[in-house]
4 protein chains.
Amino acid sequence: MKRIAYLGLGIMGSRMAANLLKAGYDVTVWNRNPESCKPLVEQGATQAQTPAKAVENAEAIVYCLANDNAVEEVVFGQDGILSNVRSGQIGIDMSTVHPDTSRRQAAAYAEKQVEFLDAPVFGSKNESAAGGLWIVVGGKRDVFEQVKPILEPLSETIHYLGDTGKGTSMKLIGNSIVATQIQALGEAMVLATKAGLNPKDVLDVLHVVDFRSPIFDGMGKMLVERNFTPSFALKHMLKDANLIARFAQDLNSPTPAAAIVRETIKAAVNQGWGEENASALIKALELEAAVTVQ
Amino acid sequence: MKRIAYLGLGIMGSRMAANLLKAGYDVTVWNRNPESCKPLVEQGATQAQTPAKAVENAEAIVYCLANDNAVEEVVFGQDGILSNVRSGQIGIDMSTVHPDTSRRQAAAYAEKQVEFLDAPVFGSKNESAAGGLWIVVGGKRDVFEQVKPILEPLSETIHYLGDTGKGTSMKLIGNSIVATQIQALGEAMVLATKAGLNPKDVLDVLHVVDFRSPIFDGMGKMLVERNFTPSFALKHMLKDANLIARFAQDLNSPTPAAAIVRETIKAAVNQGWGEENASALIKALELEAAVTVQ
Amino acid sequence: MKRIAYLGLGIMGSRMAANLLKAGYDVTVWNRNPESCKPLVEQGATQAQTPAKAVENAEAIVYCLANDNAVEEVVFGQDGILSNVRSGQIGIDMSTVHPDTSRRQAAAYAEKQVEFLDAPVFGSKNESAAGGLWIVVGGKRDVFEQVKPILEPLSETIHYLGDTGKGTSMKLIGNSIVATQIQALGEAMVLATKAGLNPKDVLDVLHVVDFRSPIFDGMGKMLVERNFTPSFALKHMLKDANLIARFAQDLNSPTPAAAIVRETIKAAVNQGWGEENASALIKALELEAAVTVQ
Amino acid sequence: MKRIAYLGLGIMGSRMAANLLKAGYDVTVWNRNPESCKPLVEQGATQAQTPAKAVENAEAIVYCLANDNAVEEVVFGQDGILSNVRSGQIGIDMSTVHPDTSRRQAAAYAEKQVEFLDAPVFGSKNESAAGGLWIVVGGKRDVFEQVKPILEPLSETIHYLGDTGKGTSMKLIGNSIVATQIQALGEAMVLATKAGLNPKDVLDVLHVVDFRSPIFDGMGKMLVERNFTPSFALKHMLKDANLIARFAQDLNSPTPAAAIVRETIKAAVNQGWGEENASALIKALELEAAVTVQ
């Protein structure tokens, strides 16, 4: 398996495609805005005009798109992937979408004898650049084994979790934890500030105790430096929180803390902070507390 | 500084006192139930009949008690510490109590020219046994520097955070994060179970991703093994959640997620799980979801 | 305007259609299960075999269906309303659906020169039987004025609220308040029981004070009598809570209390109480409190 | 029973004392700031310099104070009520305090052979002026029967609920419902505004439906008129929310919605709106939604 079609060259995709090129794959790229293809063409990629064209000679078709709508369009739309696939190919959706979107794709691909994996990733800009993503995979195990070599240059770990939709299920569940952790950090930092603690001291403690998490280090540092440059934008965290809410609704699974966190994210986006980093949700807590962590 | 009075020999205290003995200190112990003094006497401690007697010749007076009421009694009560202290001694309260209780002690000690530090600890049975606690300290910095050698055999890290009450403030804030993390883990594991994921696979993923936390590993393992043997009992987490709520109330600091987590802890204690490990709060989420994580 | 097609004869529909007959309208009825048409035919209705047939000669087409899917099928489906409408007719959707479903219908009807109103109702079995519903209407005002005489025999009040979707928006907003009121009543009654108050005495007080509400009287009485016979089933309240959550999501409107109430409803449905009355959500609170209100 | 000591002449107390005078009672008044006694003296009251003096010749001792601290001082403090009571008198605390404060008073009075009732009131400025309060009473039934004639000129209804603390328990439970209703109204109005509904139309609907409540009428009207003149100040609602949280904590009773509402009240008070009417909590929801209801 040498020939890969890589579709969508955003923050994540451009870095992932570059890593596939570096790993020696023969990569055909497509992006809605063709400008973004340039740097990859310079690194050896072939550029295609449409998703349909891109997948023509590919063995594997890989994409990590912004949301369910983007998948809808690139896969099911006009000149989309499905319009030009053929038996034997493998589709790999690395986007964070609802498990139903994974299952709908699997079914549509299956009608054309094309295999499908949902393989979303944890990690953002830095991890995709470094080939250090954490990939979680759903689909047939033998298909997974077949494409594993493609996933390895992109990732630090790869977990196979079961049939179609198990990858995206795991991703949503994980993102639910992240959001709640950020909220916990935010409530803690706001309370600490009101209590007269030095926020940096609090982060020092959180760095060592037995409930430490890289989230507290990373998001905490950005918070006290008042740096909200996005590596994962708040508006995307809201999108995911909305997906999680629907996913928990489908399974009628009670998630009271996640539900409350979603409301905080809403409030932060309403203040106009959607393009900032996810940690900007903490600014909504600061607003409610009438205090700034610093 | 060689002579220490160590008061209260519960799960934490007995192990901390033993570590002070091992470190070569001359330790006088007292415990409400005198039986618990035996093993420490065998290790070289002197036994006292009352807190007042215990502190008589001590340079430092150390205690890590169950709650504000226990501190009230041992410090302010009949034959309590305050009835027999003298100028030059240093009191070190390592209990998890409300910062007001720290400040009230500091004031009472000060009237007798006794210095005071609030120095609560993160970590539970294993960390206290191993001398691997994470200590957070409030009080005068020079007093802290004086007693640091006593704290070192007990701990992996020691953070000085500012004046009286800053140690206990940090402790409550940290415990608030822990409780929310356990809730996040619980909501995630319940949702994962409903979604047909294997809980052990989920824990494997949570072990590597960039929001990993020792909490997810430790509490997660106990959960899937259905082992709720307490190292930190749920009833103590409820006690702390109640302290946190009051602390946040005093500062009028909004903590919506922590507030909701407290309600879940209440529900779990109402089911009779207060003596089980803190992770038993997840069983309240299982109850609401009518599902068992396994 | 004399000829009405009335589609869907459930708990609400059968009573509403009967009231239209009583008011002298010429009513053609259809129901998925044709058995339910019998009593209405006995009262003078004509029975049709499909929605398409039912609307053939109607001036107004009225329906109050279970949910968005039912509307989808009856309006847009095979032999559905849209397959047989003609210019000059007026469609009146009295179902509780997402405002987008109202707008989608309005657009589809408009293509066939058919007018459309969303006119959902507050009230349940008793109010529909008594012609005492509270109707809230969205759509063109002149169309509303035209059909007002049809709505009058069904209702105690009719409020015109603006263009298409305003009726269903109001309905969802109202139902959100109801659900939160039931939760408030439940939390209060559980707390009162734990405090040793007699629940009936509490209801007596709630009957007179300046925050009294018919909800507290009605739901409260059923609660203390342990009578959960549905007039509005809990599973429908969950359906509505899910609609409200999506509606608030679309507008990114923070609704923290409503979000938490939805989680309680989930828990109650998970216990198997979905077919009981909406007040059965209080049983989820009793479960969490390990107490029974009585 | 003709001679009444009435202590505390705030918004509520001044109106209640006036009604007792009007009813023909012989009233001795005391207020921390003696200025406030003047209008009552003009209406026939006798003025006392201290609580102790005020109660000297009284048969019934009545007070409706701001909070637990005020009760502490007026009852237990220097020159307080307890310093001068005698066998046969009856104390009637109409304040909203924790039931423990009621029980502590009952015990202290009992030591002096003085009877005690907790008899807090629902209603605020207007109701106290009009003698239209809703009184809820705890204590011995025969004592209640004895003082009923005194309560009647103050109230529209009087409910006897059981032994000491049952009145204050009922009061806190009721206030919990009020706060949740205001939150429900706020979430609804904010959502309605975002949905393009006219807030006044929404209030019209809420005025008639089967979950209507005088709260929606009263608070709703003030909201759309942007009138936040206090009849019951937000800071007092926060005080009560804090009492309710402690009361629910004492009984370990889960109150998830009330807990979330308390967080909203905190946020509103943090914005500086504590002196405005309780309905100003809705402004915190507006802030989170970045919208104004009007």
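None of the figures in this text is laboratory data; all of them are computed from the coordinates on show. Keep in mind the model is a prediction, meaning the values are calculated, not measured. Backbone-built Cβ (ideal geometry, glycine too); neighbour counts: all protein chains shown.
Values computed for the structure shown
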| item | result |
| --- | --- |
| Helix A:11-22 axis, angle to chain A major axis (alpha carbon atoms, nearest 10°) | 50 |
| Distances in nm from A:Pro149 to the matching label points in the other copies, shortest first (labels 7 Å along Cα to Cβ) | 6.4, 8.0, 10.2 |
| Restraint check, C:Lys148/D:Lys194; B:Lys2/B:Lys22; D:Lys171/D:Lys221, Cα-Cα greater than 19 Å | C:Lys148/D:Lys194; D:Lys171/D:Lys221 |
| Dipole magnitude of chain A, debye to nearest 20 (Cβ charges: Lys/Arg +1, Asp/Glu -1, about Cα centre) | 160 |
| C-alpha center-to-center spacing [the range C:1-62, the range D:148-220] in angstrom | 40 |
| Average beta-carbon neighbours from other chains, 10 Å sphere, peptide B:149-158 | 1 |
| Evaluated at q = 0.13, 0.14, 0.16 Å⁻¹: base-10 log I(q)/I(0), Debye formula over Cα of chain B | -0.89, -1.00, -1.21 |
| Per-residue average of Cβ from other chains inside 10 Å of A:130-139 | 2 |
| Of C:Leu206, C:Leu281, C:Leu40, the one that fluctuates the most in a GNM where chain C has Cα springs shorter than 10 Å | C:Leu206 |
| Ascending list, in nanometres, of distances separating the C:Pro34 label from those of the other copies (7 Å, Cα toward Cβ) | 6.1, 9.3, 9.3 |
| Within the protein assembly as shown, percent of DSSP bridges classed antiparallel, to nearest 5 | 15 |
| Percent RCO, i.e. relative contact order, over the range A:170-289, from Cα pairs under 8 Å lying at least 6 residues apart | 35 |
| Inter-copy label distances at A:Gln78 (7 Å, Cα→Cβ; nm, one decimal) | 3.0, 8.8, 9.1 |
| Cβ-Cβ FRET estimate between D:Met1 and B:Phe76, R0 fixed at 56 Å, reported to 0.05 | 0.80 |
| Estimated dipole of the range C:1-134 in Debye, rounded to 20 [Cβ of Lys and Arg +1, of Asp and Glu -1, Cα centre] | 300 |
| Computed FRET value (nearest 0.05) for B:Lys148 with B:Lys200, which takes r as the C-beta separation and R₀ as 56 Å | 0.85 |
| Euclidean distance between Cα centres, the range C:227-288 to the range D:85-117, Å | 43 |
| Long-range HN-HN contacts of C:Thr28 with modeled amide H, under 5 Å | C:Ile4, C:Ala5, C:Tyr6, C:Thr46 |
| For chain A, calculated [θ]222 nm from helices alone, where every DSSP H run of n ≥ 4 adds -39500 (n - 2.57) | -15000 deg cm²/dmol |
| Compactness relative to 2.2 N^0.38 Å, alpha carbon Rg of the protein assembly as shown | 1.03 |
| Computed FRET value (nearest 0.05) for A:Gln47 with C:Glu111, which takes r as the C-beta separation and R₀ as 35 Å | 0.25 |
| Kirkwood-based shape ratio for the range B:3-163, expressed as Rg/Rh from alpha carbons | 0.92 |
| Aspartates and glutamates with Cα under 12 Å of D:Lys53, excluding same-chain neighbours fewer than 8 positions away | D:Asp79 |
| Shielding score for D:264-274, defined as the mean number of other chain Cβ atoms within 10 Å | 5 |
| Closest-to-axis residue of chain A (Cβ criterion, axis taking A to C), whole Å | A:Ala259, 2 |
| Percent antiparallel among DSSP beta bridges (both partners in chain B, rounded to 5) | 15 |
